[in-house]
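Structure first, then comments.
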Amino acid sequence: MNDPTPVRTRGRPRNPDTDAAIIDAARHILATGGFEALSFEAIAQATGISRVSIYRRWPSKAHLASEIANGGGGHLPDVIETEGIAAEIRALVAQLHERYSQPDIGAAAIGMIVSYQREPSLRDELHSPLERDARADLRAVIAKGKALGVVRDEVDADALFDIAIGSIMFRMLVSAATPTDAVVDAISEIVLNGVAR
């Protein structure tokens, strides 16, 4: 039975301007100093917002970095029905490239990987739900492509997910190779056509 009594939250409502100031400062710190430089003390000094106020919003820097790294959520592109499989693959790779080419998001993503190793429960809390939703998005797109006859029946959407994200993250965040925009077309072409003659 549902309780019709509204649930009251404690304290005053959050000020969106304060949230934005914290996020902006965190992005700048990540982009210029990396994940290790990110701290609530550094944000407090940059914004004049107390550490207590920051902790009320995000219980740890991992939670704050996760919000930045994941860009507020969103869905994977779905253009397969209107533009075809080649456009779908390129849109997916381009979206990932655009995200991880941003210095703040790149630093946050690397920091999150470190955080998951140090505290595995954070993976379940911060990462797993987002990955589950993203994989479901791509499975739906690939299923649609199979129904349209533009994707082979044996294609594994989860393997495609791993290839697309893994290749872009490695190139943009780890590799010593120059991360030019041309990598979007190069990776898309290989994902689409493979490497065999």
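The values are calculated or read from the model by the stated rules, or taken from the named source; none is laboratory data. Computed from a predicted structure; not experimentally measured. Note that we place each Cβ from the backbone using ideal geometry, even for glycine, and neighbour counts take in every protein chain shown.
Does residue 104 satisfy the condition of being of a type in the set (D, E, K, R), under 23 Å from residue 33 (Cβ atoms) and in contact (Cβ under 8 Å) with a residue 24 or more places away in the chain? Against the criterion (of a type in the set (D, E, K, R), under 23 Å from residue 33 (Cβ atoms) and in contact (Cβ under 8 Å) with a residue 24 or more places away in the chain), residue 104 qualifies.
Identify, please: which residue in the range 153-168 is touching a residue at least 24 places away in the same chain (Cβ under 8 Å) and over 23 Å from residue 35 (Cβ atoms) and is, among those, surrounded by the fewest Cβ atoms within 10 Å (Cβ to Cβ)? So the residue we want is 163. The single residue among 118, 171, 135 that is outside the structural domain of residue 61 (by TED's automatic domain parsing) and either farther than 29 Å from residue 83 by Cα or loosely packed, with under 11 Cβ neighbours inside 10 Å (or both) turns out to be 118.
Taking the options 90, 123, name whichever one is among the basic types (Lys, Arg) and touching a residue at least 12 places away in the same chain (Cβ under 8 Å). Going through 90, 123 in turn, the sole match is 90. Is it fair to say residue 93 is of a type in the set (A, V, I, L, M) and over 15 Å from the mean Cα position of the chain (by Cα)? Answer is no for this residue.
So that you can scan it fast, the table gives a plain yes or no per residue for (1) surrounded by fewer than 19 Cβ atoms within 10 Å (Cβ to Cβ); (2) more than 30 Å from residue 138 (Cβ to Cβ):
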site	(1), (2)
16	yes, yes
26	no, no
29	no, yes
32	yes, yes
36	yes, yes
52	yes, yes
59	yes, yes
78	yes, no
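Look at residue 150 and say whether it is among the hydrophobic types (A, V, I, L, M, F, W, C), touching a Gly at 6+ places or on another chain (Cβ under 9 Å) and touching a residue at least 12 places away in the same chain (Cβ under 8 Å). So residue 150 fits the description; yes.
Which of the residues spanning the range 169-186 are in contact with a Lys or Arg (Cβ under 8 Å, 6 or more places away or on another chain) and touching a residue at least 60 places away in the same chain (Cβ under 8 Å)?
179, 183, 184, 185 - these are the residues of the range 169-186 that are in contact with a Lys or Arg (Cβ under 8 Å, 6 or more places away or on another chain) and touching a residue at least 60 places away in the same chain (Cβ under 8 Å).
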